[in-house]
Amino acid sequence: MRTRIVGLAVLASVLAIGLFGLPLAVAIARYAVLHEESNLVRVADATAVSVSTELHDGERPSGLPASVDNTELAVYDGDGDLVAGRGPANDDLVEEALGGRIATGGGDDELAVAVAVTHETDVIGAVRVASSRSGLYQQVMIAWLAMAALAIVAVAAVWLVARRQARRLATPLEDLAGTARRLGDGDFSVRAAPVGIAEIDSVGRAMGRTAARLDDMLARERAFSADASHQLRTPLAGLRLRLEAALHQPDADPRAAITAGLTEADRLERTIDELLALARDTRHADGDPLDLPVLLDEIDRTWSPWLAERGRALRLVVDQQAPESRASTATMRQIMAVLLDNAAKHGAGTVTVRVRDAAGVLAMDVSDEGPGVSIPESQLFTRRAENAAGHGIGLALARGLAEAEGGRLTLSSSTPPTFTVLAAPRTPSDED
């Protein structure tokens, strides 16, 4: 790119100099000829005036001006015969001058002019002045060499400026190429610094937006992997439990175990779909308000056997005056799965799910009889590594789901440990 920019600039300067320089060189040559002819005419006129009286009296002219700069001066009488100075015996320019005109011309080696010598109104002779063309050509050549030197200086200046501009344009593009390579290697934190060139800055901003989108997409994919591994443990454990129970009763009808296994498989598929929707930043609501009886029935059927296997119980306490919520059933299902799993793994005793009215807002409490939560709430809902001890991915996921639906998840009591989900209330516009 740098070579092309420099080459194009130099070529453009050479063309411009050629288009202006060649006509100017021709004009200089013509001007030199005209200027020399003007000088010769001036010398010839002065000589004609000085010899006019002598030619009229029939005398041979004397005291002619001395020849300078390789000029030849000759005086002719009215018959065209050379009477003084140096010049050709017969000359067409002299014949033309004797007719009363200023004649210019000459051969290949000289430039000559001839003017008439008059006395009153009569032409009585002619004066011819000639100079060598080699001296004229030498002057023209000196002017052309000066023009060529200036042209070389101009091209050199253009070359220097073009190199600087090429570097100014190429360096940001090379930086963009490096940024693109880092982006291709997976470094989504790269950003192109502005350089003050609108087009390049536009490309840099577009690359920065692309990097941000890719970073966000990768973060969502990683979050999905972590959330999926966390949320699928409980359904897989339930499926395994039912299959093991069926295996321990080989003589029993397998239909019940198969039906329960299919139910757990459906739950796994539904969990994956909902987590994918979260990873793609889409709403989980399907347009219908929270179906609380269905949700509580799923909780009872799913978690009661799971807790019973561990010698614990699940208790549902429902306030019949609990308000409706516009939160989706899918979202609340995932939130409650996180809270119940947390209570089952880290708590003790009976797990209680309480549904109540909290100043016109639907509240769902999940508590157990464990020793309590000692972790500060600011850390409790912070996403940590999947293998970190204690609470981590699940609670952060649950809070994110609640906030995405316009609700809130808090630790309302540390002893006994109680988590409260406040679901967004249903409004008249939702009913419309």
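The values are calculated or read from the model by the stated rules, or taken from the named source; none is laboratory data. Keep in mind that this is a model prediction, so the values were computed, not measured. Here Cβ is always computed from backbone atoms with ideal geometry, including for glycine, and neighbour counts include all displayed protein chains.
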Next item on the list: Look through ASP81, ASP109, ASP92 and report the one residue that is surrounded by fewer than 21 Cβ atoms within 10 Å (Cβ to Cβ), over 60 Å from the mean Cα position of the chain (by Cα) and touching a residue at least 24 places away in the same chain (Cβ under 8 Å).
Entry: ASP109
Notebook entry, point to check: Which of the residues that make up the stretch 106-131 are modelled with pLDDT under 85 and closer than 15 Å to LEU34 by Cα?
Noted result: GLY106, GLU110
Notebook entry, point to check: Residues ALA192, ALA162, ALA126, ALA166: which one is touching a strand residue (DSSP E or B) at 6+ places or on another chain (Cβ under 9 Å) and surrounded by 16 or more Cβ atoms within 10 Å (Cβ to Cβ)?
Noted result: ALA126
Checklist line | Enumeration of residues in the stretch 315-335 that are polar (S, T, N, Q) and in a helix (DSSP H, G or I) | finding: THR329, THR331, GLN334
Check: So, of the residues in the stretch 55-71 that are touching a Gly at 6+ places or on another chain (Cβ under 9 Å) and polar (S, T, N, Q), which turns out to be modelled with the highest pLDDT?
Finding: ASN70
Item checked: Options ALA114, ALA89, ALA97; residue that is assigned to a strand (DSSP E or B) and at negative phi -> ALA114
Check: From the list ARG191, ARG164, ARG168, which one is under 22 Å from the mean Cα position of the chain (by Cα) and modelled with pLDDT of 85 or more?
Finding: ARG164
Margin query: I'm checking my understanding of the structure. Among residues of the stretch 303-330 that are among the hydroxyl-bearing types (Ser, Thr, Tyr) and out of contact with any Lys or Arg (no Cβ under 9 Å at 6 or more places or on another chain), which one is surrounded by the most Cβ atoms within 10 Å (Cβ to Cβ)?
Written below: THR329
Notebook entry, point to check: Within the stretch 270-293, restricting attention to residues that are modelled with pLDDT of 75 or more and within 53 Å of the chain's Cα centre (by Cα), which residue is nearest to LEU316 (Cα to Cα)?
Noted result: LEU292
